[in-house]
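Everything below concerns the one structure shown next.
The values are calculated or read from the model by the stated rules, or taken from the named source; none is laboratory data. These numbers were taken from a predicted model, which means no experiment stands behind them. Methodologically, a virtual Cβ is constructed for each residue, glycine included, from the backbone with ideal geometry; neighbour enumeration extends over all protein chains shown. In case anyone asks, the SASA skips ligands and DNA or RNA and just uses the protein heavy atoms, side chains included. Shrake-Rupley method; radii C 1.70, N 1.55, O 1.52, S 1.80 Å.
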Amino acid sequence: MNFRKGKGREDPEINLIPFIDVLLVIVIFLMVTTSYSKFTALQITLPTADADKAMTQPQEINVAVNPQGQYAVNNVQVSSKDAASLALDLKNAVQADGQSKADPVVIINADAMATHQTVINVLEAARLAGFDKITFAAQTSGHK
C-alpha cells in the first residue's frame, strides 16, 4: 500500500481542446465535400394544347441595307435616304403585296459593314409606319 502524505489526490482532467479541434475539422470536411444540389428530376406532366396551328403567316417586309447606305424593300431598291421617306416605302410595300394583314414583320438584312445610322433609320421608319414587329436577319459565321 502506498501511503503518501503531502499533496492530496489530483482529480483527473479531460482536455477538450483537441477534441473540439478534431470535431471542427470533421465538420469543415463534411461542409466542403457535401453537394448541395436540388432535386430537379421531378415527375410532372405538362399540360397540352390541342389548338390548331395558325394557318396564316404574318406578312414580311424585307429591308436590305448595303455598306453604301442604300436600301432595298422586298428586293426592290428605293431611293430613300431618311426615315420618313423610307416609312412611305414600307407602307407602299404592304399595300403592293395586296394582302391585308394587320401587323407585318419588318426583317432587317443589314450588311456587316453598313453604318449604324442606316440601321437606325430602318428602325425609325418602321416606327413611323406603325410596324412594331421588327427582327434582324443574320447568318452563321460558317456561311460567307
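Observations
- Considering A64, A93, the condition of being modelled with pLDDT of 90 or more and in contact with a strand residue (DSSP E or B) (Cβ under 8 Å, 6 or more places away or on another chain) is satisfied by A64 alone.
- Filter result (under 22 Å from T115 (Cβ atoms), open to solvent by 10 Å² or more (accessible area, probe 1.4 Å) and part of a helix (DSSP H, G or I)) within region 78-94: A83, A84, S85, L88, D89
- In region 104-132, residue surrounded by the most Cβ atoms within 10 Å (Cβ to Cβ) [restricted to those that are over 16 Å from V73 (Cα atoms) and within 23 Å of the chain's Cα centre (by Cα)]: D132
- When the residues of region 63-79 are filtered to those that are under 15 Å from I120 (Cα atoms) and polar (S, T, N, Q), the one that is nearest to the chain's Cα centre (by Cα) is N66.
- Tallying residues that are modelled with pLDDT of 65 or more and either of a type in the set (V, I, T) or part of a helix (DSSP H, G or I) (or both) within region 1-44 yields 19.
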